[in-house]
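The values are calculated or read from the model by the stated rules, or taken from the named source; none is laboratory data. Predicted model, so just to flag it, every value in this text is computed and none were measured. Don't worry about glycine lacking a Cβ; one is built from the backbone with ideal geometry, like all the others, and counts go over all protein chains shown.
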Amino acid sequence: MKKSVVIMASVLGSIAVLLAAGVGVDWYFKSAHTPKRPAPLTAAQAKALQVNLPQTVTNLKGSGLIQFAVTLQAANAATKNELTDLQADVQDSINQTMRQFTPDELRTTQGYETLKNAIKTNVNDILPQGSVSQVYLSQVVVQ
């Protein structure tokens with residue numbers, strides 16, 4: 001009888017130790033290997049990573065014109081260099097993207113946001129390693 005109590009206590013003790021070890025390992029991997037989010041950029045840092053493209057006029061789908069200026073927010077300095085080096089490709093991609101939209105689409109908030117997301121996606125596809133985090137359109141005139 002005493003032997004079975006000792007065996008049961010040993011088994012329960014072993015289970016408790018294994019459970020504690022499992023919780024400890026889980027905590028270690030969750031805390032030590034959780035990716036850290038980068039600190040948000042200050043206004044000066046963000047401005048330093050912006051690439052301003054010249055004002056452009058292009059045709060829209062169907063009939064119509066759009067006059068606009070684009071500012072691209074680079075994720076880091078290396079991306080800014082890529083954007084500068086590939087500026088002709090980037091501008092061509094943006095013009096091609098603009099030609100996929102009608103004037104009526106660009107007069108709505110949803111169409112405008114869709115355009116900005118399409119530009120961001122297409123520019124990021126051009127970049128070998130970097131990425132654009134935001135697209136700003138200014139001086140937009142749709143005719």
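With the checklist (1) basic (Lys, Arg); (2) part of a loop (DSSP other than H, G, I, E, B); (3) in contact with a strand residue (DSSP E or B) (Cβ under 8 Å, 6 or more places away or on another chain) in hand, flag the one item LYS80 doesn't pass.
(2)
Which condition from (1) of a type outside the set (Ser, Thr, Tyr); (2) touching a residue at least 40 places away in the same chain (Cβ under 8 Å); (3) outside any loop (DSSP other than H, G, I, E, B) is the one that ALA9 breaks?
(2)
For residues in region 102-122 being among the aliphatic types (A, V, I, L, M) and under 13 Å from LYS61 (Cβ atoms), which is farthest from the chain's Cα centre (by Cα)?
Across region 102-122, the extreme among qualifying residues is LEU106.
Can you find a residue in region 29-49 that is modelled with pLDDT of 90 or more and surrounded by 14 or more Cβ atoms within 10 Å (Cβ to Cβ)?
yes
Of all the residues that make up region 65-116, how many are surrounded by 15 or more Cβ atoms within 10 Å (Cβ to Cβ) and closer than 15 Å to PRO128 by Cβ?
Counting residues in region 65-116 that are surrounded by 15 or more Cβ atoms within 10 Å (Cβ to Cβ) and closer than 15 Å to PRO128 by Cβ gives 10.
Being part of a strand (DSSP E or B), surrounded by 14 or more Cβ atoms within 10 Å (Cβ to Cβ) and under 26 Å from the mean Cα position of the chain (by Cα) is the filter here, so list the residues in region 50-64 that pass it. Spell out how you get there, then give the answer.
Of region 50-64, the ones part of a strand (DSSP E or B) are 50-52, 56-59.
From what's left, surrounded by 14 or more Cβ atoms within 10 Å (Cβ to Cβ): 50-51, 56, 58.
Result: GLN50, VAL51, THR56.
Looking at LYS120, LYS116, which is the one that is of a type in the set (Lys, Arg), part of a helix (DSSP H, G or I) and over 19 Å from GLN67 (Cβ atoms)?
On the way: LYS116 fails: over 19 Å from GLN67 (Cβ atoms).
Only one candidate qualifies: LYS120.
Checking the structure you have, find out if any residue of region 120-137 is farther than 27 Å from GLN45 by Cβ and either of a type in the set (Asp, Glu) or outside the structural domain of LEU53 (by TED's automatic domain parsing) (or both). Show your work before the answer.
In the first step, residues of region 120-137 are kept if they are farther than 27 Å from GLN45 by Cβ; the result is none.
The answer is no, given that none of the residues of region 120-137 is farther than 27 Å from GLN45 by Cβ and either of a type in the set (Asp, Glu) or outside the structural domain of LEU53 (by TED's automatic domain parsing) (or both).
Would you call GLN67 assigned by TED's automatic domain parsing to the domain that holds THR121, more than 15 Å from LEU127 (Cβ to Cβ) and assigned to a helix (DSSP H, G or I)?
no
What residue, among those in region 123-143 that are over 17 Å from ASN52 (Cβ atoms) and part of a helix (DSSP H, G or I), is farthest from the chain's Cα centre (by Cα)?
Ranking the qualifying residues of region 123-143, first place goes to ILE126.
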